[in-house]
Amino acid sequence: MSLLSSLRVGHSGLSAASAGVDVTSHNVSNAATPGFSRRRVEQAIADPLRRGPQWIGAGVRIDGIGRAADGLIARRATLAAGTSKNLETAYGALQPIESLFESEAGRGLRGVVDAFFNALSAATTDPADRSRRSAVLKSATDLADTVQSTAKSLETAQDEQMEAAVADMNGVNEDLTEIAALNARMIAAGGPLTAGDLADRRDLAIRRLAESIGATVHFEGDGTATVMLGGHAVVSGAEARQVTADATGATPRVLVSSDSGWLDATSEAGGEVRGRLDAWTEMEGWLTDLDAFATDFSAALNTQHSAGFDRTGAAGGNVFDIGGTGRASVNLRLDAAMVDAPDALAFAGAATAAAGDGVNLAALIGLHDDPIIGGTRSAGTYMTELVGDVGAVVAGLQYSAEGAAAVLEDADALHASLTSVDLDEEATNLLMFQAAYQAAAKVIQTTDQMLQTLMEIG
Amino acid sequence: MEPVRRNPLLSAERNALRLLRMKEQLAKAEDKATTGLAVTRPSDAPGAWSPIHRLQQSIADIETWAANATQGATLVDTAEEALASGSDILKMVRERAIQFANETYSTRDRLIGADEIDALKQQLIDVANTHLGDRSVFAGTAYDGAAYDALGNYLGNSDRPEVEIGKDQRVPTGLDGQAVFQGAVDVFATLDALAAAMRADDTTSIRNLLPDVTTAFDSLVSWREELGFHQVRLADAQAADTSLEKLALEEQIGADPASTYAELMGLRTAYEAALQVSGTASGAKLFDFIR
């Protein structure tokens with residue numbers, strides 16, 4: 001082997017050590033960068049040279065800069081992120097509104113129903129007494145106001161979730177566009193192995209998509225990522241579709257663009273948007289329950305009230321009104337003729353309307369235990385079941401979200417243990433590459449001295 | 001086997017999240033300790049709202065009925081006292097009737113006796129017009145007016161006002177004056193006839209009217225007995241105790257002080273320990289030791 005070959009071998013060592021320091025520096029710089037996967041120098045023995053009968057070593061070659069990654073572990077973490085975000089979002093949307101139904105035991109929808117019937121009972125002491133009649137009207141107003149405000153708050157919460165979902169789609173589309181662009185750049189750069197930084201950015205975008213819409217990904221042979229939303233390919237190669245949330249119809253939808261128009265992908269969406277959709281659906285169910293209560297309760301009260309007579313001897317009118325556009329629960333209010341009109345309460349059973357005639361009052365009180373809601377439930381029982389349902393849903397989401405968060409933490413920890421930058425490891429590598437560089441430099445220096453010696457001969 | 005890598009910067013982020021969760025749990029435990037309530041929202045006890053609401057309704061109902069019974073008891077007591085006065089008046093009427101049925105009394109005596117009967121009749125009309133506040137006790141449900149006019153004509157109706165003191169339980173708080181004073185026998189007509197018989201010096205008619213006076217007296221006694229029965233029911237409703245229901249409710253929604261305190265102390269200790277560990281764990285790195 002010649003001294004010049006030795007110089008080349010020494011140089012290969014210098015290059016490898018220098019690359020190692022560069023990679024270590026890159027790792028340390030990105031230790032706190034989200035989505036960064038630790039790099040490593042892929043060193044290999046350089047192809048030996050033939051010198052007569054001998055094969056002489058040619059030093060080290062760098063095959064590339066590897067990226068610590070495991071597709072299976074990454075996919076697990078991504079799926080776990082989507083599930084966790086879904087449940088966390090649904091819980092976060094519903095937990096703040098459960099107090100609308102019962103802020104503490106006794107103050108809520110059931111409480112105002114019972115208070116209304118208790119006011120009617122108190123009126124039996126003197127059905128003609130204006131203060132007791134006014135108390136009945138006040139409790140009726142409280143009941144209507146509570147149902148109405150609960151319904152309005154639920155509608156507002158629904159709108160907020162849908163506005164947020166629509167706004168989230170901007171970020172989703174940006175990520176889809178970014179992944180498509182990265183696919184194109186990675187192909188140009190020679191694939192994910194040689195474009196590790198691009199692959200990291202792409203994986204981060206994929207993670208964001210999993211969290212936002214529950215998208216999944218599989219990688220093609222050329223290293224590009226195909227992003228799927230259920231059965232719809234939203235990114236394929238360098239092409240990205242658009243995703244939008246449509247809140248204009250009766251129920252909100254997630255739509256994916258296609259060559260033939262918008263496709264409904266609602267049932268396939270996951271992640272944050274699924275959480276928002278699920279929260280919206282739960283709230284819609286509760287609103288439907290409140291509508292049924294408002295409709296049936298007001299109908300039963302009004303019908304019975306109409307069978308009685310007020311203080312003037314006139315037949316009773318409606319106590320509650322649900323007329324108007326929109327939901328019955330949002331419209332529930334005291335009938336206009338009843339406002340500030342305690343004498344209009346039809347407690348009497350006969351048109352003579354004697355002061356103490358409480359025959360119809362007794363019948364109104366009897367509605368407390370009658371199955372007036374849906375023909376199967378009393379008003380109080382119906383509200384108790386609604387409160388229980390709200391509690392069960394929110395508690396269930398809390399437990400599920402906590403469980404999913406724990407699964408995600410484990411998945412992320414496993415992923416991080418493989419891909420993250422351990423500063424102690426990098427410090428050790430730095431020392432190692434520094435020593436290797438110094439040793440290679442020494443080889444070159446020694447070889448150079450030997451060459452100098454040769455040059456001085458003669 | 002790959003070593004487990006630890007990035008202290010990412011670990012710090014995870015620790016921060018864990019500390020946040022612990023803080024939330026601590027806040028909830030502190031809420032429980034300060035309010036004494038373990039159940040403050042639907043998700044705290046999703047399956048327990050049926051018994052909780054049932055107990056709350058029961059307590060509210062009992063308290064409403066007790067208040068109703070207090071109002072009703074005042075009216076019933078007033079009616080009973082009025083009937084006691086009425087009984088006393090009829091006793092005096094009976095004494096006069098027995099007295100002036102005796103032949104030893106003169107026509108002039110019977111004329112004076114007739115005036116006394118007229119006066120007693122007016123007193124009885126006043127009794128029949130007993131009011132509590134502006135509410136007539138013997139006018140049926142038409143209690144916003146007088147029960148009788150000055151001549152003893154009934155102005156009320158035959159219905160009886162009732163107050164609710166329990167589930168499907170009602171107690172009358174007023175009487176139909178006509179049934180009381182003109183039911184078994186028309187006491188005012190009897191007194192008119194008695195006064196007329198005295199003025200006519202007709203001892204036979206006076207004697208013949210004695211059974212009617214006795215019947216009227218017995219009728220008032222009977223009505224007083226009925227009112228006594230209602231007074232007992234009203235007193236029971238007033239005295240109804242909700243302490244058992246409140247105890248049961250407390251068991252459903254209250255936070256046990258001992259276990260709440262223990263939970264709070266446990267969480268505080270765990271939180272402080274986690275804070276200390278977080279601080280230590282993000283400490284030494286090899287880079288700190290390299291020249």
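The values are calculated or read from the model by the stated rules, or taken from the named source; none is laboratory data. Note that the structure is predicted; figures quoted are calculated from it, not measured. Please note: Cβ atoms are built from the backbone with ideal geometry, for glycine as well, and neighbour counts cover all protein chains shown. The accessibility values were calculated without ligands, DNA or RNA, using every heavy atom of the protein model including side chains. Shrake-Rupley method; radii C 1.70, N 1.55, O 1.52, S 1.80 Å.
When chain B is treated as a Gaussian network with alpha carbon springs shorter than 10 Å, the biggest mean-square fluctuation among B:THR40, B:THR203, B:THR141 belongs to B:THR40. Computed extension length for A:GLN438-A:ASP259: 58.4 nm, one decimal, from 0.36 nm per residue of separation with the Cα-Cα distance subtracted.
Derived scalar couplings between HN and Hα for segment B:29-38 equal 5, 5, 4, 4, 5, 7, 8, x, 10, 8 Hz in order, rounded to whole Hz, by the Karplus curve 6.51 cos²θ - 1.76 cosθ + 1.60 (θ = phi - 60°), x for Gly and Pro.
Counting heavy atoms of the protein chains only and a 1.4 Å probe, report the per residue accessible area for the protein assembly as shown as a whole number of Å². Numbers along the way, then the final one.
Details: 34740 Å² over 749 residues.
Normalised by residue count, the accessible surface of the protein assembly as shown is 46 Å².
With a 1.4 angstrom probe, the accessible area lost at the B-A interface totals about 4100 Å².
Where does the protein assembly as shown land on Rg(C-alpha)/(2.2 N^0.38 Å)?
On the way: Rg = 45.7 Å, N = 749, 2.2 N^0.38 = 27.2 Å.
After normalising by residue count via 2.2 N^0.38 Å, the value is 1.68.
Taking every residue in A:119-130 and counting other chain Cβ atoms within 10 Å of its Cβ, the average works out to 6.
Stretching B:ARG199 away from B:ALA27 to a fully extended chain increases their span by 52.7 nm, per 0.36 nm per residue minus the current alpha-carbon distance.
With the simple spin-label model, which puts each label point 7 Å out from Cα in the Cβ direction, the B:ASP288 to B:THR214 separation comes to 11.4 nm. Burial annotation for segment B:133-180: residues with an accessible-area loss of at least 20 Å² between the isolated chain and the complete set of protein chains, computed on heavy atoms with a 1.4 Å probe, are B:ARG135, B:THR141, B:TYR143, B:ASP144, B:GLU162, B:VAL163, B:GLU164, B:LYS167, B:ARG170.
Hey, with R₀ at 41 Å, roughly what FRET efficiency would B:TYR271 and A:ILE187 work out to, going by the Cβ-Cβ distance, to 0.05?
Numbers: r = 51 Å, r/R0 = 1.24.
For B:TYR271 and A:ILE187, the calculated efficiency is 0.20.
Rolling a 1.4 angstrom probe over chain A with all protein chains present gives an accessible area of which 55% lies on carbon and sulfur atoms. Size descriptors for segment A:134-189 (Cα atoms only): Rg and Dmax, in that order, 24.2, 81 Å. Per-residue accessible area (protein heavy atoms, 1.4 Å probe) orders B:TYR105, B:TYR261 as B:TYR261, B:TYR105, starting from the largest.
In segment A:19-35, burial by the other protein chains removes 10 Å² or more of 1.4 Å probe accessible surface, compared with the chain on its own, from A:VAL28, A:ALA31, A:ALA32. Given a 1.4 Å probe and the protein chains as shown, A:LEU332 ends up with an accessible area of around 0 Å². Measuring nothing but protein heavy atoms, the accessible surface of chain B at 1.4 Å probe radius is 54 percent carbon and sulfur. Under the convention that each Lys and Arg Cβ holds +1 and each Asp and Glu Cβ holds -1, the size of the dipole of the protein assembly as shown around its Cα centre is about 3620 debye.
When the other protein chains are added to the chain by itself, burial of at least 30 square angstrom of heavy-atom accessible area (probe 1.4 Å, ligands and nucleic acids ignored) affects these residues of segment A:67-109: A:GLU98, A:GLU102, A:GLU104, A:ALA105.
Assuming a ≥ b ≥ c are the square roots of the Cα gyration tensor eigenvalues, decide whether segment A:380-458 counts as rounded (a/c under 1.5), prolate (otherwise, with a/b larger than b/c) or oblate. Walk me through the intermediate numbers first.
Working: a/c = 12.11, a/b = 10.16, b/c = 1.19.
Prolate is the answer for segment A:380-458, as a/c is 1.5 or above and a/b outweighs b/c.
Along segment A:405-411 the Karplus relation, 6.51 cos²θ - 1.76 cosθ + 1.60 evaluated at θ = phi - 60°, assigns HN-Hα couplings of 5, 5, 4, 5, 4, 5, 5 Hz to successive residues, with x for each Gly and Pro.
Dipole orientation for the protein assembly as shown: of the candidates A:MET162, B:ILE253, B:THR74, A:MET162 has the Cα lying most toward the positive pole (charges on Cβ; Lys, Arg +1; Asp, Glu -1).
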